[in-house]
Amino acid sequence: MTKFTMNSPEIKKLIYSLSELERRVLPFLLSTTSLEEVANNSSMELHEVTTAIQLLEQREITTFIKEEISSIELDKFGLEYVGTDLPEIQVLKLLKEKSHTMNEIPKELVGSAMGELKKNKLIESVKGDNGIMLSINDKGLEYLQNNSENPLREFNEKVEVSSLSETQKEILLNFKQRKGFLRESITKVFSFSLTDLGNAVVNEYAQHYKNLELLETVDTQMLKTKSWKNKEFRHYDVQVPTSIPDIGRKHPMLEANEILSKVFLEMGFKEMSGPLVESAFWNMDTMWIPQDHPARDEQDTFYLEEECDIPQEYFDKVKNMHEEGIKKSHTPVGEFSKEISRKQLLRTHSTSTSFRTLYELSKQHKAGEDINGKYFYLANVFRNEAVDATHLAEFYQGEGFIIGDDLSLADLMGFIKVYLSKLGFENITFKPTFNPYTEPSMEAHYYDPEIGKSYALINSGIFRSETLKPLGLQDKTIIAWGFGASRLAAKLANKESMRDITGATCDLEWLKSREQMQRTIGGKK
Amino acid sequence: MVYVYSKKSQLDNYLKEELTTEEVKETLIDLGMDLKGEKELEGNEIELKIEITAEKMDMISTCGIARAINYHRGYLKELPNYELKKGDLEVHVKESANKVRPKTVAAILRNAPMSQELLDELIEIQEKIHDSFGRHRKKAAIGIYPMDSISFPISFLAEKPENISFHPLEAEGIMNAAEILEHHETGKKFSHLLDGKEVFPIFKDAKGEILSMPPIINSHKTGRVETHHKDLFVEVSGHNLNHLDNILKVLITTCIELGCEAESLKVHYPDKSVYELSLNSTTDTISLDYVNSLIGINVSEDDVKSLLPKVQYGCKAIKDGEIIVEVPAYKSDVFSDSDIADDIARAYGYNNIVPKIPSVDSIGEELHETVFRNNIREQLVSLGFLELYTYMLTSTNQQYDLMNSKAHNHVKIIDSAEEGINMTRTWILPENLKSLTINRKNKYPQKVFECGFTIQKDLEKDTKARNELHLSVSIAGPDSNFTKIKEVLDTLSLLNSWKLELEESTHPSFIEGRQARVMAEGQEIGVIGELHPRVLENNNLIVPISSLELNLDNFYN
């Protein structure tokens, strides 16, 4: 309705945006609804006219009308018998001459005639020596007389259902039960009409723009010959939506890792890296996790088939700490087993790499070097779990530690607050917890205003003396933490489930068109 | 984590002051525990689901939780003084027990104010300890017997299974050891703890009656506790005396708080040593400076004096910054000084600690490997490729069968909880094909890549495997062909100054004559080509795909 009241300048704008094809067809649209007529009048091809009308429809200048018309026409048998007589008439004519056995009637007639003949009781059949003998009866003779006209001829030409005559309707009814004589066919007919806007446009065009010539694309020839001078270009609809081109994008999980890693780097951390396949020694024993600890169960850990090598001297010290502890509360499982230590597994956390790093640092420490520093790692880890929305068998963990001389729980809190704040997580509270290898151990909780609940984002602590003594690092304090990077990545990508953003099931269209990941959660700050 | 399900009314009963559920939750969180849920029971009763961390054995019962809250909120200040009558009954541990379950500790409860409620609570504590500190009865198992049915001295010994037969609890009649492990419900559940042992442990009384076969089941005749039993014999059997002692202390102190009287007895070991329960608190010394510096607070001696009771320690003395701490018998998680320091921090309140920025100087440094990997990723993104992140856990079907190739050396996974996983990936391409299969309804062309780790078996390494950084690139779509993928390889070579050579190859995943081995300095580092129609068919794909996979290790090391 708005366009209906368009004034001249707006109509002009519209006309300037029409393509050459649309402009060509425009003068011929008045006082007809037939595409063919337009084609004839304009000397355009029918398909050109159709395309033009469809384009104009998008501009609400025309309405394209598709109609389905059903007609009755001769079918397979109809075509066969329309030139002669109906099969039953042909048989009756034969029998009128003389009686015949069934075999003497032409096969092609029998099938379509006998039903009619029997139904109307027009013939007699008697079993004889040479098979069934057929003869015409009185009723048959009368029928022959009354049906001299072949009714199919009424349908020599296709007849639209809407214009069937009474006779034709009756014939149609008679043949309803007889397959293959008459059939209904549907034809699609296209036409169009002009909208009110269309009428206005066509009139305006006829009055002012009949000789309008608009250039399409800028090309080399045009520039060389300067043919563009004093001419106008067709106007585009600048609001037409486009599709996304085939662009490359990073994967959100790894993009999130880059963000998490960048924050560490800004805070002066060094990146670590370590083996995905580990020994139980580096994965658990070095952390003073008892050899019978439930977390070591096969339900949680992917154990593999080889036996790993482990450094003997360090092993002895770790073994001694497992067996003796520091104070009497310690209750060892029994003899510390090297066999268990040597088990090969897929690392269940990246702390294995932190301890490899500490092992290297301990050598430098022994050599009198300054080993104070900050380390981080974003690492794939594995858990032998069935996969669901909150549990993945393989995911990214963020891990880090600071080694120094007088670090404290307050320092750990300070680090965590700054780190999380850089990602947009404010209002962090701390809760004591328990980890086998840190004491104090602490969770950092974030209150998520969106779900009105708080949850733990980071698990952290100060490495126990029991883990540092075997390394000869008992004079140092190490504050350490770990977090589920995959979960943070899902959060940064505004997805509920980690599974939505990882693995082979990720939707390529989403990967392409997803919003740019912000460095802070929810894009805040 | 252990969950204790406490009735609110029962908790209220133990608490010295009335608290709302919200206040209970707050205190639990300050203590490092949590209230995980509430459930309404019949008769206006509310059940609280309380999460206890794995080291706090003394909080494994409603009574223990109430005790911790009472101290933390300052309702209790003095450590309890548990009365333990010295008894003269005896348990004899025989040499034979050494072969299977060498240790036991025991004590006696008298005049228990027995009711169904108390009995239920006892069984609840027993089961909770079995499942956590008892490591499902392997490390420790608890047995409770009515004094009326047994006669002292008791023996703890081991016998050949064929010589053990008695009427176990929850059974129709007498069974032998083998039958118990094979047919009895509890026997079947714990049979793995005795399977294959030459001898099985048993408790026997003076009349030769079998009391129980730990850690499996008690005797119906001598080990069945009912509400009319006031006097009980309690034993804990297992492997480490210290551990068993900790468990017995938690059990007996809790029972005393529930109104029982306790009596010790003597457990004689074959090496002449004697175990006898003591409920006296012990002492430990810790320096105030250490506490202040580890936690990052600045509390005075007086402050510490008032903080210690909040976390169930006594303060014997403080002198020259040395604190002599009294540790109650039931506290079993003091492994080193940091445990006491942490408890003081909990008393102080974690959220009262003022965070500060760690003052450790260091210069940030990204790994060479990461810088390199990120460069490659940027280059592929700029070439219009979508980055994929697929899993390292996969199957021989995906890695070999669907790729029309044969298995070679890889790291095998045997017991995966997720069906179908039986190896770690040796190359990335098959995983990316899986992604293309899943996305086959999306529009083409699909141009994807992944730059990530694979795991290669490597017996030279200490862990017998190594990480190997790979790049996999695929172009799927009607116009995909060898030239298209080679353009990518050539562009990467140009941008990164790689000197690569292509040699004709016969990799079964690719079409012969349209594939090549990628060589760098005479070493094979990858493959490039048009995927074989059979591979496409195997993966339910109906468009041509050309791919490359490179081992990038040599380019950044």
Practice problem: Might you let me know whether region A:273-292 holds any residue that is within 7 Å of another protein chain (Cβ to nearest Cβ), open to solvent by 20 Å² or more (accessible area, probe 1.4 Å) and under 37 Å from the mean Cα position of the chain (by Cα)? | Solution: yes
Quiz item: For region A:79-117, how many residues meet the condition of being within 60 Å of the chain's Cα centre (by Cα), open to solvent by less than 50 Å² (accessible area, probe 1.4 Å) and farther than 24 Å from A:GLY128 by Cβ?
Solution: 4
Quiz item: Could you say whether any residue in region B:326-338 is buried (at least 20 other Cβ atoms within 10 Å of the Cβ), more than 7 Å from every other protein chain (Cβ to nearest Cβ) and farther than 20 Å from B:HIS72 by Cβ?
Solution: yes
Quiz item: Name the residues in region B:434-457 that are at the interface with chain A (Cβ under 9 Å from one of its Cβ atoms) and either within 24 Å of A:SER341 (Cα to Cα) or of a type in the set (Lys, Arg) (or both), would you?
Solution: B:LYS434, B:LYS443, B:LYS447, B:ILE455, B:LYS457
Self-check item: Subset of region B:264-275 that is open to solvent by 10 Å² or more (accessible area, probe 1.4 Å) and touching a residue at least 60 places away in the same chain (Cβ under 8 Å) - its residue that is nearest to the chain's Cα centre (by Cα)
Solution: B:TYR275
Quiz item: So which residues in region B:377-396 are part of a loop (DSSP other than H, G, I, E, B) and more than 7 Å from chain A (Cβ to nearest Cβ), if there are any at all?
Solution: B:SER395
Practice problem: For residues that are in contact (Cβ under 8 Å) with a residue 60 or more places away in the chain and either more than 8 Å from chain B (Cβ to nearest Cβ) or open to solvent by less than 40 Å² (accessible area, probe 1.4 Å) (or both), tally how many sit in region A:296-325. | Solution: 9
Exercise. Would you check which residues across region A:33-78 are of a type in the set (A, V, I, L, M), within 30 Å of A:PHE175 (Cα to Cα) and surrounded by 14 or more Cβ atoms within 10 Å (Cβ to Cβ) and list them?
Key: A:ILE72, A:LEU74
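Where in region B:494-557 are there strands (runs of 3 or more DSSP E), lying wholly inside it, with at least 1 residues that are touching a residue at least 40 places away in the same chain (Cβ under 8 Å)? Full working, then the answer.
On the way: elements: B:500-504, B:510-520, B:523-531, B:545-551.
Of the strands (runs of 3 or more DSSP E) lying wholly inside region B:494-557, those with at least 1 residues that are touching a residue at least 40 places away in the same chain (Cβ under 8 Å) span B:523-531, B:545-551.
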Exercise. Would you point out the residue of region B:411-433, among those that are under 16 Å from B:SER509 (Cβ atoms) and touching a helix residue (DSSP H, G or I) at 6+ places or on another chain (Cβ under 8 Å), that is nearest to the other protein chains (Cβ to nearest Cβ)?
Key: B:GLU431
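What are the residues in region B:5-25 that are part of a loop (DSSP other than H, G, I, E, B) and open to solvent by less than 30 Å² (accessible area, probe 1.4 Å), if any?
Scanning region B:5-25 gives B:LEU15, B:LEU19.
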Practice problem: Working only within region B:504-515, note down all residues that are in contact with a strand residue (DSSP E or B) (Cβ under 7 Å, 6 or more places away or on another chain) and either surrounded by fewer than 21 Cβ atoms within 10 Å (Cβ to Cβ) or not assigned by TED's automatic domain parsing to the domain that holds B:SER435 (or both). | Solution: B:GLU504, B:SER505, B:THR506, B:HIS507, B:ILE511, B:ARG514
Self-check item: Complete set of residues in region B:225-260 that are open to solvent by 30 Å² or more (accessible area, probe 1.4 Å) and over 33 Å from the mean Cα position of the chain (by Cα)
Solution: B:GLU226, B:THR227, B:HIS228, B:LYS230, B:ASP231, B:GLY259
Quiz item: Which residues, counting only those in region A:484-502, are within 13 Å of chain B (Cβ to nearest Cβ), crowded, with 21+ Cβ neighbours inside 10 Å and without any contact (Cβ under 8 Å) to a residue 40 or more places away in the chain?
Solution: A:ALA490
Exercise. Consider A:ILE247 carefully, then state whether it is within 7 Å of another protein chain (Cβ to nearest Cβ), surrounded by fewer than 22 Cβ atoms within 10 Å (Cβ to Cβ) and within 40 Å of the chain's Cα centre (by Cα).
Key: yes
Quiz prompt | Verdict on B:ILE344 being of a type in the set (Val, Ile, Thr), without any contact (Cβ under 8 Å) to a residue 60 or more places away in the chain and in a helix (DSSP H, G or I) | solution = yes
Practice problem: Identify all residues within region A:379-395 that are closer than 30 Å to B:PRO358 by Cα and at the interface with chain B (Cβ under 9 Å from one of its Cβ atoms); write none if there are none. | Solution: A:ASN380
Practice problem: For region B:189-275, please list each of the strands (runs of 3 or more DSSP E) lying entirely inside it that holds at least 3 residues being over 18 Å from B:ASN98 (Cα atoms). | Solution: B:232-238, B:261-268
Practice problem: Identify the residue in region B:43-55 that is under 22 Å from B:GLU17 (Cβ atoms) and charged (D, E, K, R) and, among all such residues, is farthest from the other protein chains (Cβ to nearest Cβ). | Solution: B:GLU45
Quiz prompt | Criterion violated by A:GLU60 - all others in (1) more than 30 Å from A:PHE192 (Cα to Cα); (2) touching a helix residue (DSSP H, G or I) at 6+ places or on another chain (Cβ under 6 Å) satisfied | solution = (1)
Practice problem: Tally the residues that are within 42 Å of the chain's Cα centre (by Cα) and either of a type in the set (A, V, I, L, M) or within 18 Å of A:LYS12 (Cβ to Cβ) (or both), restricting the search to region A:196-243. | Solution: 15
Quiz prompt | Of all residues making up region A:185-209, the number that are touching a helix residue (DSSP H, G or I) at 6+ places or on another chain (Cβ under 7 Å), loosely packed, with under 15 Cβ neighbours inside 10 Å and over 20 Å from A:ILE65 (Cβ atoms) | solution = 1
Exercise. Report, by residue number, each residue of region A:397-433 that is open to solvent by 10 Å² or more (accessible area, probe 1.4 Å), under 16 Å from A:LYS374 (Cβ atoms) and at the interface with chain B (Cβ under 7 Å from one of its Cβ atoms).
Key: A:ASP406, A:LYS417, A:VAL418
Practice problem: Starting from region B:358-372, keep only residues that are farther than 18 Å from A:PHE415 by Cβ, then list their pairs with residues that are in a loop (DSSP other than H, G, I, E, B) and among the hydroxyl-bearing types (Ser, Thr, Tyr) whose Cβ atoms are within a distance under 9 Å, requiring at least 6 positions of separation or different chains. | Solution: B:LEU367/A:SER273; B:GLU369/A:SER273; B:THR370/A:SER273
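Going through region B:427-464 one residue at a time, which ones are under 18 Å from A:LEU345 (Cβ atoms) and open to solvent by less than 10 Å² (accessible area, probe 1.4 Å)?
B:THR454, B:ILE455, B:THR463 - these are the residues of region B:427-464 that are under 18 Å from A:LEU345 (Cβ atoms) and open to solvent by less than 10 Å² (accessible area, probe 1.4 Å).
So is B:PRO355 free of Cβ contacts under 8 Å to residues at least 60 places away in the same chain, at the interface with another protein chain (Cβ under 7 Å from one of its Cβ atoms) and not hydroxyl-bearing (Ser, Thr, Tyr) or not?
Yes: the conditions hold for B:PRO355.
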Quiz item: Does B:PHE156 satisfy the criteria of being under 24 Å from B:LEU279 (Cα atoms), more than 14 Å from chain A (Cβ to nearest Cβ), more than 26 Å from the chain's Cα centre (by Cα) and surrounded by fewer than 20 Cβ atoms within 10 Å (Cβ to Cβ)?
Solution: no
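The values are calculated or read from the model by the stated rules, or taken from the named source; none is laboratory data. Only a predicted model underlies this, so the values are computations on that prediction, with no experimental measurement involved. Note that each Cβ is placed from the backbone with ideal geometry, even for glycine, and that neighbours are counted across all protein chains shown. Only protein heavy atoms, including side chains, enter the accessible area calculation; ligands, DNA and RNA are left aside. Shrake-Rupley method; radii C 1.70, N 1.55, O 1.52, S 1.80 Å.
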